[in-house]
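Let me begin by presenting the structure, written as structure tokens, before commenting on it.
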Amino acid sequence: MKDIKSYIKNNKDRFIEELIDLLKIPSISADPAYKKDVIKTAETIKLSLEKVGCDKVEICETPGYPIVYGEKIIDSKLPTVLVYGHYDVQPADPIELWTSPPFEPVVKKTEIHPEGAIFARGACDDKGQMYMHVKALEYMTETNQLPCNVKFMIEGEEEVGSESLSWFVTRNQEKLANDVILISDTGMISNTQPSITTGLRGLSYVEVEVTGPNRDLHSGLYGGAVANPINILTKMIASLHDENNHITIPGFYDNVEELSKVERAEMAKAPFSLDNYKKALDIEAVYGEVGYTTNERNSIRPTLDVNGIWGGYTGEGAKTVIASKAFAKISMRLVPNQDWKEITELFKKHFETIAPKGVTVNVKPHHGGQGYVTPIDNTGYLAANKAYTKTFGVPAIPQRSGGSIPIVALFEKELKSKIILMGFGLNSDAIHSPNEHFGIFNYLKGIETIPLFYQYFTEMSSK
Ligand code: BES
Ligand code: MN
Ligand code: MN
């Protein structure tokens, strides 16, 4: 790939400005109030794909938000790279914790990003990372160096479970036929140590409702004599972990794969400082399942976490009341071989079983998805590693991530190709949090590394 460095240098400011424009549109898929903005974002991406030389760009309607599809087929005998990303973002709240408004992107320097980072909701997850691929294609078409075919599939419902994309993928296998799927929606170890994500956790997300008396009660007149749904819910939730922080749901661990000593030793080689980890989060100690390290706890082990809990009086001052109902949202991160639907059923059954008399329990499953692991001996992985080695000067380390992209397992099943998770975000980029940002270094490094992947993948595929 000729002159990539100078191309980036000459176009850097425009690359940043274009991304900033994209980040200004609040494409929050979870909140129907932003429907117009989500659709406007899809249209903006369609235009940007046309501009960088895709021959056929379409907004594909689905039962939910549309999928932007684009392709440039230069020779049917050459390999085809399918790029996946998402244009929807998480809600921005709690908005008061942002140091600049979430949809008014600004570049600020940080300790980790001395060259500056773009602060905005979606900067890293996933508009910034998705847009690297658009700009990498621009470079390849503008300089006549596109070595293979490319297809883009950018969806607008990733943050709410990718339901419409499942619908789309199962109906369009031929259109989406490819030799490798390339995704930048994960992270890497640091700006000096790249890594390639070789695993994602699965997910089961449920909402629970505990109902006691048929109305809110005076906590003096009735307190002590009836089951308080909030007391009961918290007690039930607390019982879901034992003293070793193992999850107590019967059957929960049945299919969990135990890694061998050798595999765990291999994992432990990745650079990691527990001190820095604690410092970055202002915590005195880490916490988790006994017998596993921090990096094992957040990647190869399943978890159960309350994501939100509410009920009763939470306004100003005090109100003496026993609420009629209490609620919680709970996520379970799963590892490969755990079936998310089965786990959801196990949770439901167990949660109903442990409810004491005097309350009723309702478990409502939300979305979920299977976990994913990939071997590292396939052409896609080797090509990606070669690309990273060239742009970072050191090989990438394979690493399993704790996050989930539920659609990835479906891609493998339906499209039968390998998925390469080439993420350029950092854990400190605060995705899903206030002050999400994406390093300018990371953005440009992505644009530099992606064309090399295309080149090496094409070369290595023809051997
Ligand atoms: N891009 C993230 C997932 C991710 C981030 C994986 C960093 C690995 C490293 C994705 O947008 C996401 O947030 N996924 C959700 C699941 C989804 C069903 C809401 C998640 O992991 O919570
Ligand atoms: Mn994402
Ligand atoms: Mn996300």
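The values are calculated or read from the model by the stated rules, or taken from the named source; none is laboratory data. All figures in this text were calculated on a predicted structure; none of them were measured in a lab. Heads up, the Cβs are rebuilt from the backbone with ideal geometry, glycines too, and the neighbour counts pull from every protein chain shown. Side chains included, ligands, DNA and RNA excluded: accessible areas come from the protein's heavy atoms. Shrake-Rupley method; radii C 1.70, N 1.55, O 1.52, S 1.80 Å.
Annotation for the stretch 327-350: at least one member residue is part of a helix (DSSP H, G or I), within 16 Å of ligand 1 (Cβ to nearest atom) and of a type in the set (A, V, I, L, M, F, W, C).
Screening the candidates 118, 154 for the property of being of a type in the set (A, V, I, L, M, F, W, C), within 16 Å of ligand 3 (Cβ to nearest atom) and in a strand (DSSP E or B) yields one hit, 154.
Does residue 401 satisfy being hydroxyl-bearing (Ser, Thr, Tyr) and in contact with a Gly (Cβ under 7 Å, 6 or more places away or on another chain)? The answer is yes for residue 401.
If you go through the stretch 290-315 and keep only what is under 23 Å from the mean Cα position of the chain (by Cα) and assigned to a loop (DSSP other than H, G, I, E, B), you end up with 293, 298, 299, 300, 301, 302.
Residues in the stretch 423-441 that are part of a helix (DSSP H, G or I) and out of contact with any Cys (no Cβ under 8 Å at 6 or more places or on another chain): 4 in all.
If a residue has to be charged (D, E, K, R) and closer than 30 Å to residue 371 by Cα to count, how many in the stretch 309-345 make the cut? The total comes to 6.
Note on the stretch 182-227: residues that are part of a loop (DSSP other than H, G, I, E, B), more than 16 Å from ligand 2 (Cβ to nearest atom) and open to solvent by less than 30 Å² (accessible area, probe 1.4 Å) total 4. Do we find that residue 155 is open to solvent by less than 20 Å² (accessible area, probe 1.4 Å), at pLDDT 95 or above and in the same structural domain as residue 64 (by TED's automatic domain parsing) in this structure? For residue 155, the condition - open to solvent by less than 20 Å² (accessible area, probe 1.4 Å), at pLDDT 95 or above and in the same structural domain as residue 64 (by TED's automatic domain parsing) - is met. Within the stretch 328-357, the set of residues being open to solvent by less than 70 Å² (accessible area, probe 1.4 Å) and among the acidic types (Asp, Glu) comprises just one member, 339. The set of residues from the stretch 396-447 being open to solvent by 20 Å² or more (accessible area, probe 1.4 Å) and out of contact with any strand residue (DSSP E or B) (no Cβ under 8 Å at 6 or more places or on another chain) comprises 413, 414, 416, 428, 432, 433, 434, 441, 444, 445.
Applying the condition of being within 20 Å of residue 446 (Cβ to Cβ) and away from ligand 1 (no atom under 12 Å from the Cβ) to the stretch 76-104 and asking which residue is surrounded by the most Cβ atoms within 10 Å (Cβ to Cβ) yields 81. For the stretch 255-283, how many residues meet the condition of being touching a residue at least 24 places away in the same chain (Cβ under 8 Å) and over 22 Å from residue 198 (Cβ atoms)? Looking only at that region, the number is 1.
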